[in-house]
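Bear in mind that the values in this text are calculations on the coordinates, not laboratory data. If you're wondering where the values come from, they're calculated on a predicted model, not measured in any experiment. All Cβ positions, even for glycine, are placed from backbone atoms using ideal geometry, and neighbour counts span all protein chains on display.
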Amino acid sequence: MASRDFDCIVIGAGIQGSFTAYHLAKSGRKTLLLEQFVLPHSRGSSHGQTRITRKAYEQDFYTQMMEECYQLWAQLEKEANVKLYRRTGLLIMGPENGRDFLLFKNTLLKNKVPTVTLEPSEFSQHIPHVNRNPGDGAIVDTTAGVLYADRALKAVQGVFHRLGGVIKDGEKVIDIQTGPVVTVTTASGVYKAKSLVITAGPWANRLLSHTNLQLPLQVVKINVCYWREKIPGTYSVTKRFPCFIQTECKEGKYHIYGLPSNEYPGLMKVCYHMGSETDPDERDRQTDRWDIDILSHYITRCFPGLVPIPAVVESCMYTVTPDHHFVLDRHPSHSNIIIGAGFSGHGFKFGPIVGKLLCELTLGLVPSYDLSPFKIQRFLSQPKSAL
């Protein structure tokens, strides 16, 4: 097996790993991006046509990171000469005095994000064909929109490759040897580097086991559902229908979110922000549909223009931390191993900034943002059984 030497190796070519490799290559580092599946693939968390991008968050630190993120997405659009973002706005609905709705609203206002508040009397004029729950508030993050996910992943990998980066797909990592020089072994080769970045999504703990570390990550399979418009175009992006988030809904504990009909003509993407625990290598055996029942009830009640039976059901995986915040940190025992994990179903939009931060950690630079919310240390005070 041929031995190859690099400055940095990144394991996992999803959006976070691909942007990390892109930033490392821009910094002049000889970088290898390893992917266990043949690209492109739909086995992880970065595939699919669309994601919501937004500044609307319950926490200030995410809202503040998104400011630069929009600039970095625009920069990639120019570098790759491809459209990656469509502005639609994001409608947030929830009980006017509910905890989650107020957190969203207050963070938007505090950070001076351009917004529109919709009073009950004017709601249906601006947002037709939606039954707002009595007592729900409604605020629109007007900066939000749709990211074209598959296109974005291809774009960042393409620029990385043009910068001299090496991508090897279909190479599953079977061993990691720690040390001042890290040795990564796949079925096809042995690679060495001064630094290693692990951005392996649902497989993060499999790889971390080679380094004597386990994080409290739960892998869940999400049913990604598309619902047919009774009259085509009712909720279309061309009719300026926005993305939406419904907080604190009657049907379930987690948010419901949706994107206007766009990727499949006549079908609107509406999903529940949680799923059932799964083994990432056995995810196709996971056939739970309780979340689809929640969505059907919600759609019947609130979206009368949709057929309340999904026309298409795809799947995706979330890798969830106990607090639903990311892990962006150095390995506690090996400072030349950097970890990006636990993106908890809301990390795609942060790809450019996560890649920049993981690059900065790899190069020993002071991170551009306060990483205290994302440190591994926050889990270590918990009982050992959680690790």
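What's the ranking of 260-273, 290-303 by average number of surrounding C-beta atoms within 10 Å, highest first?
260-273, 290-303
Could you give the size of the charge dipole of region 1-123 about its Cα centre, using +1 on the Cβ of each K and R and -1 on the Cβ of each D and E, expressed in debye and rounded to the nearest 20?
300 debye
Please give the charge dipole size of the chain, origin at the Cα centre, charges +1 on K and R Cβ atoms and -1 on D and E Cβ atoms. Round to the nearest 20 debye.
The dipole magnitude comes to about 680 debye.
Select from region 49-154 those trypsin sites (Lys or Arg not before Pro) which occupy a DSSP coil region and have at most 14 other Cβ atoms within 10 Å, ordered by residue number.
For trypsin sites (Lys or Arg not before Pro) across region 49-154 that sit outside H, G, I, E and B with at most 14 neighbouring Cβ atoms in 10 Å, the list reads Lys83, Lys112.
Which value, in debye to the nearest 20, gives the size of the charge dipole of region 135-214 about its Cα centre, when Lys and Arg are +1 and Asp and Glu are -1 at the Cβ?
Working: 8 positive and 6 negative charges, 90 e Å.
Result for region 135-214 is approximately 420 debye, rounded to the nearest 20.
Would you calculate a helix-derived [θ] at 222 nm for the chain, using -39,500 (n - 2.57) for each DSSP H run of n ≥ 4 and dividing by the full residue count, to the nearest 500?
-8000 deg cm²/dmol
Note the direction-averaged projected area, equal to a quarter of the hull surface, for the Cα convex hull of region 139-261, in nm².
Its Cα hull, projected and averaged over all orientations, spans 12.4 nm².
If you wrap a convex hull around the Cα atoms of region 62-162, how much volume per residue is inside, in Å³?
So the per-residue hull volume is 120 Å³.
With everything on Cα atoms, drop me the angle between helix 351-362 and the longest principal axis of the chain, reported from 0 to 90° to the nearest 10.
Its long axis makes an angle of about 30 degrees.
Using 7 Å Cα-to-Cβ label points, what is the Gln214/Asp370 separation (nm, one decimal)?
My value for the distance between the label points is 3.3 nm.
Just flag the chymotrypsin sites (Phe, Trp or Tyr not before Pro) in region 1-110 sitting in loop per DSSP whose Cβ has no more than 10 other Cβ atoms within 10 Å.
Here no loop site has a sparse enough neighbourhood.
Among the listed pairs Lys26/Lys105; Lys112/Lys269; Lys78/Lys375; Lys26/Lys55; Lys269/Lys375; Lys83/Lys253, which have their C-alpha atoms separated by more than 31 angstrom in this model?
Beyond 31 Å between Cα atoms: Lys26/Lys105; Lys78/Lys375; Lys269/Lys375; Lys83/Lys253.
Sequence-distant or interchain residues sharing an amide H contact under 5 Å with Ala311, placed H: which?
Tyr226, Trp227, Arg228
Provide the net charge surrounding Phe350, with neighbours chosen by a C-beta distance below 14 Å and charges set as Lys +1, Arg +1, Asp -1, Glu -1.
Around Phe350, the surrounding residues sum to +3.
Which angle from 0 to 90°, rounded to the nearest 10, does the C-alpha axis of helix 99-110 make with the longest principal axis of the chain?
For helix 99-110, the angle is close to 80 degrees.
Need one number: % antiparallel among DSSP beta bridges in the chain, to the nearest 5.
Numbers: 51 of 74 bridges.
Roughly 70 percent of the beta bridges in the chain run antiparallel, per DSSP.
Of Ala80, Gly17, Pro95, which is farthest along the charge dipole of region 1-158 in the positive direction, counting Lys and Arg as +1 and Asp and Glu as -1 at C-beta?
Sorting the options by dipole projection puts first Ala80.
Pop the C-beta distance of Thr185 and Glu77 into the FRET formula with R0 = 25 Å and round what comes out to the nearest 0.05. Write out the running numbers ahead of the final one.
Values: r = 37 Å, r/R0 = 1.48.
FRET efficiency, Thr185 to Glu77: 0.10.
Would you tally the net charge around Leu208, using a Cβ to Cβ cut-off of less than 14 Å, leaving Leu208 out, and scoring K and R as +1, D and E as -1?
Cβ neighbours under 14 Å give a net charge of 0.
Full extension from Arg301 to Gln49: what is 0.36 nm times the residue separation minus their Cα-Cα distance, to one decimal in nm?
This chain segment gains 88.0 nm when fully extended.
Which trypsin sites (Lys or Arg not before Pro) in region 211-251 pass both tests, a DSSP loop state and at most 15 other beta-carbon atoms within 10 Å?
Lys230, Arg240, Lys250
Please give the length that would be gained between Gln64 and Arg162 if that part of the chain were fully extended, namely 0.36 nm times their separation in residues minus their C-alpha to C-alpha distance (nm, one decimal).
Length gained between Gln64 and Arg162: 32.2 nm.
Using alpha-carbon positions, what is the distance between the centroids of region 110-169 and region 1-37, in Å?
29 Å
Starting from 0.36 nm per residue, how many nanometres of slack lie between Lys112 and Gln377 once their C-alpha separation is accounted for?
92.2 nm
Roughly how many Å is it from the Cα centre of region 239-266 to that of region 48-67, as a whole number?
Each part's Cα centre sits 15 Å from the other's.
Net charge around Gly89, counting only other residues with Cβ within less than 12 Å of its Cβ (Lys, Arg = +1; Asp, Glu = -1)?
Taking every Cβ under 12 Å from that of Gly89, the sum is +4.
Helix 15-26 versus the longest principal axis of the chain: what is the Cα-based angle in degrees, 0 to 90, to the nearest 10?
Taking the Cα atoms of the chain, the angle to 15-26 is about 50 degrees.
Over region 121-196, one equal point on each Cα, no solvent: what is log10 I(q)/I(0) by the Debye formula at q = 0.25, 0.28 Å⁻¹?
-1.15, -1.22
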